[in-house]
């Protein structure tokens, strides 16, 4: 089995696609998300000083930040960008001038990051009025309107770069995830992110993976302790001792995963009480043997930087989950634009 390595994908196209998950037994939040993707998208919602919040009240994905955390995250980004002292906007725009703006997708994709973009505009103009036409997890075509803004022109221009950056980055992650999910359709294997995320953005990147993965907050990954090969090397290969010590120190509801290189490692991990066994860089025969040993006793996971073309072949080993590191550190951005009209 020659596993294609990950390469930056060509621009994906999404028009007319349907949900990939089997909706027969989905929980309500997941059904709402799937229904939107099947063409039953919710009506637009308003976000004004008197109603609405950046996160939709019926959010099926489980936005990971509290209102206070959201404000702190976006405010820090605005400070970093110099938005509170934007010399260009101050020089070119009268402080009282108003404007209309429209956030438009310049590429097809899956949307993620709408609450952060909305928060950027609201922090600089608390009286801004926004009409949201597309929510996180929705698939859009090129030219689709994400949301419309009416407020102070200077604030709108100063918030533009931060708002679009959040949308571009997180929508890129969601869009690439959806490509892998399509590749895995019908195999029963779960697509999830790998352990490598951007420092400070882990919760948001994993949220974007959920947006592209057709998974609600109920499917979010629980707290996890990962015993990797270097950890085992530090314990002279003592899998049982590593699992025992991790179980003593980890939260009660945390899952324990162990990197395994052979069927013997899998048996040792299971006997020690591990919840997940992970494999990396094994050949097809080794993978099938390890998965067969673990079947029905623990979850099995293959991790790596393989491309979508490898998904079905890897799924054929019987593994439960594919942890794909490029989802959070190799995704190309989805381009957005602010169409601006001064009043």
*asked:* Every residue in region 59-96 that is surrounded by 12 or more Cβ atoms within 10 Å (Cβ to Cβ) and assigned to a loop (DSSP other than H, G, I, E, B), please.
replied: 59, 60, 61, 62, 63, 64, 65, 82, 86, 93
*Could you run through region 250-294 and say how many residues are surrounded by fewer than 19 Cβ atoms within 10 Å (Cβ to Cβ), assigned to a helix (DSSP H, G or I) and touching a residue at least 12 places away in the same chain (Cβ under 8 Å)?*
8
*Within region 188-208, track down each residue that is outside any helix (DSSP H, G or I), surrounded by fewer than 17 Cβ atoms within 10 Å (Cβ to Cβ) and touching a residue at least 12 places away in the same chain (Cβ under 8 Å).*
188, 195, 196, 198
_Any hit, region 174-194, residues being more than 23 Å from residue 309 (Cβ to Cβ) and modelled with pLDDT of 90 or more_ = no
*asked:* Just the residues that are under 19 Å from the mean Cα position of the chain (by Cα) and surrounded by fewer than 23 Cβ atoms within 10 Å (Cβ to Cβ), please, taken from region 98-139.
replied: 105, 107, 108, 134, 138
*Whichever residue in region 115-146 is in contact (Cβ under 8 Å) with a residue 60 or more places away in the chain and in a strand (DSSP E or B) and, among such residues, is farthest from residue 174 (Cα to Cα)*: 129
*asked:* Based on this model, can you work out whether residue 319 counts as more than 30 Å from residue 114 (Cα to Cα), touching a helix residue (DSSP H, G or I) at 6+ places or on another chain (Cβ under 7 Å), touching a residue at least 60 places away in the same chain (Cβ under 8 Å) and surrounded by 14 or more Cβ atoms within 10 Å (Cβ to Cβ)?
replied: yes
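Listed here are the residues, each with its yes/no results for (1) touching a strand residue (DSSP E or B) at 6+ places or on another chain (Cβ under 9 Å); (2) part of a loop (DSSP other than H, G, I, E, B).
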site	(1), (2)
296	no, yes
300	yes, no
309	no, no
318	yes, yes
334	yes, yes
_Flag for residue 112 being free of Cβ contacts under 8 Å to residues at least 60 places away in the same chain, closer than 17 Å to residue 63 by Cβ and either part of a loop (DSSP other than H, G, I, E, B) or assigned by TED's automatic domain parsing to the domain that holds residue 162 (or both)_ = no
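The values are calculated or read from the model by the stated rules, or taken from the named source; none is laboratory data. All figures in this text were calculated on a predicted structure; none of them were measured in a lab. No Cβ is skipped: glycine too gets one built from the backbone with ideal geometry, and neighbour counts run over all protein chains shown.
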